[in-house]
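Below is one structure, written out as structure tokens; comments come after it.
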Amino acid sequence: MKVETLTGPVAPQDLGIVAMREHLLLGRHGWHWAPEVRFDRAAAFESVLARLEAFKKRGGGTLVDASGITLGRNVPFYRRLSELSGVHIVASTGFGEQSSSIPGHFLGRAYRVSTDARQHWVREIPGHFYSSHGESKEYLMFLFYNELTEGMAAPCMIRTGIKAGIVQTGSAWDGVSRLEEFSIRAAAMAARHAGVSVITTSAGQARRHFELLSAEGLEAQRIVIGHCDDARAVDLGRDRSFAEKGAYVAYDHIGWEKDAPHAMADDERVALVKAMVQAGYAERVVLSSSAVGAAMGLPASSHGYERLLADFVPRLDRAGIGEAVLETLLVDTPRRLLAASQDEEAAEQLRAFAEGFRSASRQQRWDV
Amino acid sequence: MACVNTVLGPIHPDELGVTATHEHILWGPPGWEYDPEWWFHPPKVFAKCLADLVEYRELGGTTVVCCSGIGLGRDVELYRMLSRYSGVHIIAASGFHEGRNISPHFQDKSIDEMAALFEHEVSAGIGDSGVKAGFIKVGHGHYDISELEEREHRAAARAARRTGCAIITHGAWFGLQELEIFASEGLDLSRVVVSHCSSANVMDIERDKAMAGMGAFCSYDTFTIEPTWNVGSYAGDDERKADLVKAFIDAGHIDRLILSSDVNLFSLGWTRSSPYTGKTTMADMLRYLPGVLRRVGISESTFWKVMTENPKKVLPIE
């Protein structure tokens, strides 16, 4: 049992207090070309480091960067921050909402292909299920699975040896697109094979996300339903039913009330947590603040990662949530969620499948 | 004084010479860099593109217009090196492509925000590179002009009016609707090239005549993209495209005619440049298109004249 962090595998008992959904850098693909986004890499490094150190100082041990692949993740940058701050960082693979985090490359083909031509394409490009890219859950599954087991992709076409520790997935608020469905199913398949958990975004579609993840055989104990404290979709009944099935709900927008229109006030969130605890589901709740270390062309959070421990935990304390429950919320539950539990047999089957997949696609690799 | 922005700086319009107006050096939808299945070896790509450009120059080509917009493979640092060592003028694009290929960061931007972006790239430069874009590229999909694409078109028209640059569209599918949008923004339609009029799935000589009548340029730019190797429904036989060009010339619109081949010297994240789907370059067009056109009665001197004179009418920034 181990947890893959940016500085290597860590024993679950060494994680300490965990913030389950935060962001180090956050920007949508393309911010790089926008003249209005002035990104000072050195200044961003300083500010994220300061936020990590503040988290550490308050007793924080581990932070999950739940941005997925495309929202600014920069593995070498994150790793250096982790080394300097002493905070364990678990990075994520996967995609969230299509409009903000799945760029055109993954949308599959752009034009009609005749029936004959489709046969031709399948024959000519071994290793590519169907036409190409995102138009199959298997394609995305391998993308995510390789990041969990071989190492994450970094800028400049570098495959680092640093593995993702969790899969982030999700959809738009008001529906699940075709591609988002592939991405959610792929997240479940990759997480099941690698023995890690999935955390979702967009509580508007929480039930649908849970259905899709379960349909691909992911156990409820590996599913964290994120954003359950979004003021547009607060639903204790829903949260209890997820908990009853063995899944987890995340109240992960602590501290956003001033910065985001649909974030609830922290005191209301305390009431939510308290209700779940009183219903006997203390073990099914995780907490976080979705703070942003440095944002590129998106709204940043005014609060830092320490907000959870410096402000929210004292509120829970005042509301009568005891020491033992706090330990469960902040330490025990995340530890269970993050510890990888790989089923060796399933992994072996997949390795054999992947080997066939790769050698077939290498046979006719172009050499420019 | 009118000039043309190339990646190595402004040149005089009379320096353009033989110009391939709709080509791509690198092209690919955004996001391939996250997908290791499609990573490549940059020195090999540089060498491949350089060899192709040198061949293009040796066959008489002078200028290549790279229609890859923001986030679509456009790499002006690379283009500068390629231009410096091949001697071919390279013109880089501002603007985007069809909506699905616009990077997520830009998808929710307003018309004015996009217009400011395009204007900045044409008049101040692309990022911190100091390279100015030479024109604005816009596009729409095969099925409609979406709300996002309409914003893109309007923004391009406003930026083109402010800077005096041309617009090249990915857009015969709804070419007339595109021109209506541009006209409603007050743009002089002789600043517009409507591309892909020779796509197999949208050939329509009446539409082309109407667009030329409105002053726009019609670009028959898919020569060399044939169904023998390309599975897209836009791929067609070059003979049929030549017939279309002949009809367009016979209708009296030779001064609105653009010829090009829309090849990617290297494709990012898709298969156009892989050997098993056929590999063509803009040099191939210079090598064999005169022969294809001669068979339908267009002389070789007409071909070279069209390649030289017509881009010069639309590309210069006044």
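A:Leu316 satisfies every condition listed in (1) buried (at least 21 other Cβ atoms within 10 Å of the Cβ); (2) outside any helix (DSSP H, G or I) except (2).
Checking each residue in segment B:233-255 for being under 12 Å from B:Val306 (Cβ atoms) and open to solvent by less than 40 Å² (accessible area, probe 1.4 Å) picks out B:Val245, B:Phe248, B:Ile249, B:His253.
Condition check: open to solvent by less than 20 Å² (accessible area, probe 1.4 Å), within 14 Å of chain B (Cβ to nearest Cβ) and among the hydrophobic types (A, V, I, L, M, F, W, C). Does A:Phe55 satisfy that? Before you say what the answer is, go through the steps one by one.
On the way: open to solvent by less than 20 Å² (accessible area, probe 1.4 Å): yes; within 14 Å of chain B (Cβ to nearest Cβ): no; among the hydrophobic types (A, V, I, L, M, F, W, C): yes.
When the stated conditions are applied, A:Phe55 does not pass them.
Take the conditions (1) at pLDDT 90 or above; (2) more than 10 Å from every other protein chain (Cβ to nearest Cβ); (3) open to solvent by 40 Å² or more (accessible area, probe 1.4 Å); (4) on the phi > 0 side of the Ramachandran plot; A:Tyr130 misses just one of them, which is (1).
Please tell me if A:Leu81 is open to solvent by less than 50 Å² (accessible area, probe 1.4 Å), in contact (Cβ under 8 Å) with a residue 40 or more places away in the chain and within 18 Å of the chain's Cα centre (by Cα).
Details: open to solvent by less than 50 Å² (accessible area, probe 1.4 Å): yes; in contact (Cβ under 8 Å) with a residue 40 or more places away in the chain: yes; within 18 Å of the chain's Cα centre (by Cα): no.
No; evaluated as a whole, the condition is false for this residue.
Yes/no matrix, rows are residues, columns are (1) in contact with a His (Cβ under 6 Å, 6 or more places away or on another chain); (2) within 18 Å of A:Ile184 (Cα to Cα); (3) assigned to a helix (DSSP H, G or I):
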| residue | (1), (2), (3) |
| --- | --- |
| A:Glu211 | no, yes, yes |
| A:Cys228 | no, yes, no |
| A:Gly237 | no, no, yes |
| A:Asp267 | no, no, yes |
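Annotation note: of B:Gly95, B:Gly99, the sole residue that is within 13 Å of another protein chain (Cβ to nearest Cβ), under 19 Å from the mean Cα position of the chain (by Cα) and crowded, with 23+ Cβ neighbours inside 10 Å is B:Gly95.
Looking across segment A:19-50, the residues that are among the hydrophobic types (A, V, I, L, M, F, W, C) and part of a helix (DSSP H, G or I) come down to A:Trp31, A:Trp33, A:Ala42, A:Ala43, A:Ala44, A:Phe45, A:Val48, A:Leu49, A:Ala50.
The single condition among (1) farther than 27 Å from B:Arg240 by Cα; (2) in contact with a helix residue (DSSP H, G or I) (Cβ under 6 Å, 6 or more places away or on another chain); (3) of a type in the set (Ser, Thr, Tyr) that B:Ser184 does not meet is (2).
Looking for whichever is in contact with a Lys or Arg (Cβ under 9 Å, 6 or more places away or on another chain) and under 29 Å from B:Pro104 (Cβ atoms) here; the options are B:Leu8, B:Leu26. Which one fits? Break it down into steps so the answer makes sense when it comes.
Numbers: B:Leu8 fails: under 29 Å from B:Pro104 (Cβ atoms).
Step by step, each of B:Leu8, B:Leu26 is checked, and only B:Leu26 is in contact with a Lys or Arg (Cβ under 9 Å, 6 or more places away or on another chain) and under 29 Å from B:Pro104 (Cβ atoms).
Of all residues in segment A:169-195, those satisfying the criterion of being surrounded by 23 or more Cβ atoms within 10 Å (Cβ to Cβ) and either assigned to a strand (DSSP E or B) or free of Cβ contacts under 8 Å to residues at least 40 places away in the same chain (or both) are A:Thr169, A:Gly170, A:Ile184, A:Ala188.
Looking at A:Gly293, A:Gly297, A:Gly304, can you tell me which residue is surrounded by 14 or more Cβ atoms within 10 Å (Cβ to Cβ), over 21 Å from A:Ser202 (Cβ atoms) and touching a His at 6+ places or on another chain (Cβ under 7 Å)?
Values: A:Gly297 fails: over 21 Å from A:Ser202 (Cβ atoms); A:Gly304 fails: touching a His at 6+ places or on another chain (Cβ under 7 Å).
Sole residue among the options that is surrounded by 14 or more Cβ atoms within 10 Å (Cβ to Cβ), over 21 Å from A:Ser202 (Cβ atoms) and touching a His at 6+ places or on another chain (Cβ under 7 Å): A:Gly293.
Scanning segment B:281-311 for residues that are open to solvent by 60 Å² or more (accessible area, probe 1.4 Å), in a helix (DSSP H, G or I) and not acidic (Asp, Glu) yields a total of 6. Which residues, taken from segment B:211-229, are touching a Gly at 6+ places or on another chain (Cβ under 9 Å) and in a helix (DSSP H, G or I)? B:Met211, B:Ala212 - these are the residues of segment B:211-229 that are touching a Gly at 6+ places or on another chain (Cβ under 9 Å) and in a helix (DSSP H, G or I). The numbered conditions (1) within 30 Å of B:Leu78 (Cα to Cα); (2) in contact (Cβ under 8 Å) with a residue 40 or more places away in the chain; (3) within 13 Å of chain A (Cβ to nearest Cβ) are all true for B:Ser146 except (1).
From the list B:Ile91, B:Ile70, which one is among the β-branched types (Val, Ile, Thr) and over 19 Å from A:Thr70 (Cα atoms)? Spell out how you get there, then give the answer.
On the way: B:Ile70 fails: over 19 Å from A:Thr70 (Cα atoms).
Criteria check complete, one pass: B:Ile91.
The values are calculated or read from the model by the stated rules, or taken from the named source; none is laboratory data. Owing to the predicted nature of the structure, the values given are computational and were not obtained by experimental measurement. Backbone-built Cβ (ideal geometry, glycine too); neighbour counts: all protein chains shown. Accessible surface is based on the protein model in full, side chains and every heavy atom, while ligands, DNA and RNA are left aside. Shrake-Rupley method; radii C 1.70, N 1.55, O 1.52, S 1.80 Å.
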